[in-house]
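Working notes for the structure below.
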Amino acid sequence: MNLPLIVILGPTASGKTGYAIELARRINGEIVCADSRTVYRGMDVGTAKPTKREQEMVPHWGLDLAEPNGRFTLYDFQQYAYTKIAEIRGRQHVPMLVGGTGLYIDSVIYHYGLAKEASFDTTRRSRLEQMTVTELTDYAVFHQLELPNDALNKRRLIRVIEQGAVNKKCTQLDDNTVVIGIKSDRETLRTRSRQRSEQMLADGLIEETKRLIQQYGLVEPLRRNAYGVVHQYLNGDITSRDELIDRMVIADGHLVKKQLTWWRSPRRAGDIMWRSLDDLNKQMHASETLDDLGLLSQLIAEYKNFQNTHNTGENH
RNA sequence: GCUGGGGUAGUGAAGUGGUUAAACACGGCAGACUGUAAAUCUGCUCCCUCUGGGUUCGGGGGUUCGAAUCCCUCCCCCAGCA
């Protein structure tokens, strides 16, 4: 049997981690984290990285792969995930791709056509970064490059110029891939986010932020979300603990919005089977009498059914 | 109670007699996005029967051809003095 790939995705604070760990224990799974921030070493509390204890319950991969000031690319993640998924299958375990970074997940499940970069030209990058959007556009047009549909997005313009094209190569979902989305309404997420922010502070987020900034400087991953807000607090731009929490919740809210927009896109919406945490847990506990393969095949069957009904509905 | 400052979209804030009041920022909503993605970028955000129309600047009154802007009065907030 070719073991399936179980993908569990969902917005921040939706409860992916908890569910994934429990499921992994039931179906003999191993978790590959698809999260652009937990790849960084030392960024633990502020990224809600699975704890040591959680990591001991189920093998976790994809954590602590890079230094916060290092360069970690989509290609790096994709290759890492491919390797780990193959290794997990080699052990006759079920690979599970779990995370909230839509792009990372897509690069693996749709097999983005990424090629190894010969070498990253830092000098050229910083030269391009100094150009204005207009200059970059002119440059791209002059060299007859297709412009990104996000024409004012400087980062993407730079990528187009570096690559010499807009890269869109990808495939359909593999037959044995199952994609489950954790469905949750925004109010619930906000409530969870608030609780989680309180917990992060209790767990030493402020000290962690201080330490990381001292060690690496104010690098990009430390400028955003929880870390960015705490940095403003340390700076005195935010003066009260209440405001700090509020701002952390708002930052999470922005992230959630982007994540949901990503997954709502018609390009992938038909591949994601959204289920509430309650339903998923009920199913898991209801099938306790089943053996591991029973629960797994139940999920697969449910997903196949979802795909069929969705696709017929779409074509007619 | 007195004196001074102030009350403009969900919030902060610009506008201080004259082309269409609400720039700008935040928040909210929607969208794009294949190598930094928790990044980066775009649109909408007073109301409506919405390619057009309507209402508004704490309440009321007044001056003026014309008032968020000047005057009177009342209400509320902040600071100082009692």
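The values are calculated or read from the model by the stated rules, or taken from the named source; none is laboratory data. This is a predicted model, so every value here is computed, not measured. Cβ sites come from the backbone with ideal geometry, for glycine too, and all protein chains shown count toward neighbours. Please note that ligands, DNA and RNA were not included when accessible areas were found on the heavy atoms of the full protein model with its side chains. Shrake-Rupley method; radii C 1.70, N 1.55, O 1.52, S 1.80 Å.
State which residue pairs qualify: first residue over 20 Å from residue A:197 (Cα atoms) and inside segment A:209-229, second residue hydrophobic (A, V, I, L, M, F, W, C) in any location, beta carbons under 7 Å apart, and separation of 6 or more residues or different chains.
Partner pairs satisfying both residue conditions: A:216/A:222.
From the list A:197, A:193, which one is touching a residue at least 40 places away in the same chain (Cβ under 8 Å), more than 30 Å from residue A:120 (Cα to Cα), in contact with an Asp or Glu (Cβ under 6 Å, 6 or more places away or on another chain) and not basic (Lys, Arg)?
Values: A:197 fails: in contact with an Asp or Glu (Cβ under 6 Å, 6 or more places away or on another chain).
Matching residue, one of A:197, A:193: A:193.
So which of A:17, A:38 is part of a loop (DSSP other than H, G, I, E, B), of a type in the set (Ser, Thr, Tyr) and at negative phi?
Criteria check complete, one pass: A:38.
Residues being charged (D, E, K, R), more than 8 Å from RNA strand B (Cβ to nearest atom), open to solvent by 20 Å² or more (accessible area, probe 1.4 Å) and in a helix (DSSP H, G or I): count how many of those fall in segment A:253-305.
7
Looking at A:160, A:133, which one is in contact with a Pro (Cβ under 6 Å, 6 or more places away or on another chain) and surrounded by 12 or more Cβ atoms within 10 Å (Cβ to Cβ)? Even if it seems obvious, please write down each step before you answer.
Numbers: A:133 fails: in contact with a Pro (Cβ under 6 Å, 6 or more places away or on another chain).
Being in contact with a Pro (Cβ under 6 Å, 6 or more places away or on another chain) and surrounded by 12 or more Cβ atoms within 10 Å (Cβ to Cβ) holds for just one of A:160, A:133, which is A:160.
Restricting to segment A:166-190, name every residue that is surrounded by 12 or more Cβ atoms within 10 Å (Cβ to Cβ) and within 28 Å of residue A:116 (Cα to Cα).
A:166, A:167, A:170, A:173, A:174, A:176, A:177, A:178, A:179
In segment A:191-241, how many residues are more than 22 Å from residue A:52 (Cα to Cα), open to solvent by 60 Å² or more (accessible area, probe 1.4 Å) and assigned to a loop (DSSP other than H, G, I, E, B)?
The qualifying residues number 5.
I'm trying to understand the selection: among the residues of segment A:242-252, which are within 13 Å of RNA strand B (Cβ to nearest atom) and exposed (fewer than 15 other Cβ atoms within 10 Å of the Cβ)?
Correct list: A:243, A:250.
Step by step: first the residues of segment A:37-83, then only those that are closer than 21 Å to residue A:119 by Cα, touching a Ser or Thr at 6+ places or on another chain (Cβ under 9 Å) and among the aromatic types (Phe, Trp, Tyr), then the one that is least open to solvent (accessible area, probe 1.4 Å). Which residue is that?
A:77
Conditions (1) assigned to a loop (DSSP other than H, G, I, E, B); (2) more than 12 Å from RNA strand B (Cβ to nearest atom), marked per residue:
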{"residue": "A:87", "(1), (2)": "no, yes"}
{"residue": "A:104", "(1), (2)": "no, no"}
{"residue": "A:139", "(1), (2)": "no, yes"}
{"residue": "A:147", "(1), (2)": "yes, no"}
{"residue": "A:157", "(1), (2)": "no, no"}
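Please work out which residue is nearest to residue A:257 (Cα to Cα), limiting yourself to segment A:1-10 and to residues that are touching a strand residue (DSSP E or B) at 6+ places or on another chain (Cβ under 8 Å) and not in a strand (DSSP E or B).
For segment A:1-10, the residue satisfying everything is A:10.
Going through A:98, A:108, A:32 one at a time, which residue ends up being β-branched (Val, Ile, Thr), in contact with a Cys (Cβ under 7 Å, 6 or more places away or on another chain) and either in contact (Cβ under 8 Å) with a residue 12 or more places away in the chain or not in a helix (DSSP H, G or I) (or both)? Break it down stepwise before answering.
Working: A:108 fails: in contact with a Cys (Cβ under 7 Å, 6 or more places away or on another chain); A:32 fails: in contact with a Cys (Cβ under 7 Å, 6 or more places away or on another chain).
Exactly one of A:98, A:108, A:32 is β-branched (Val, Ile, Thr), in contact with a Cys (Cβ under 7 Å, 6 or more places away or on another chain) and either in contact (Cβ under 8 Å) with a residue 12 or more places away in the chain or not in a helix (DSSP H, G or I) (or both), namely A:98.
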